[in-house]
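Working notes, beginning with the structure itself.
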Amino acid sequence: MGGHRFYDPTGSRFGVPTFPWRMAPDGYATRRQLRAAGLRPGGQDIAAQVLWHSRRYWRMGTSPVRVAYLYRIDLAKAVRPMTPAKWAALAKANTARQVCPECRTDAGYRIPTSLGMCVTCADSPQLAA
């Protein structure tokens, strides 16, 4: 374990305590792990990181070293509850994403950003020309 190139529990080499994939000690969690537990970092700085080598990103021509930042669970705070105003704003935004900018009708689903319009308009021969 001590010879692994990403093992730096003191942070002397990477500036922050660093651990290889699946070797982080208990008491740390990523943002996603915190969220799944109903928590958020709550303004704390990054406490540690996990580094691993990814063949997938190496093939894509980007840096093959991936990073996941870790936060201390004991300093995490509860996720703020959604207020009625936040729920209303979210509903309004989702409704707006259903209106096709081309034909101005409610598509009944969120318009794909890749198309920029409803599927009916995207498949229309008049718009394809």
Residues of region 77-107 classified as open to solvent by 80 Å² or more (accessible area, probe 1.4 Å) and not aliphatic (A, V, I, L, M), total | 11
Scope region 108-122; condition open to solvent by 50 Å² or more (accessible area, probe 1.4 Å) and over 30 Å from LEU39 (Cβ atoms); matching residues | GLY108, TYR109, THR113, SER114, LEU115, VAL119, THR120
Lone unmet requirement of (1) over 21 Å from the mean Cα position of the chain (by Cα); (2) surrounded by 10 or more Cβ atoms within 10 Å (Cβ to Cβ); (3) of a type in the set (D, E, K, R) for ASP74 | (2)
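The values are calculated or read from the model by the stated rules, or taken from the named source; none is laboratory data. A quick note: this is a predicted structure, and the numbers were derived from the prediction, not measured. Because the Cβ atoms are built from the backbone with ideal geometry, glycine has one as well, and the counts that use them run over all protein chains shown. When the accessible area is computed, the model is the full protein with side chains, heavy atoms only, and any ligands, DNA or RNA have been set aside. Shrake-Rupley method; radii C 1.70, N 1.55, O 1.52, S 1.80 Å.
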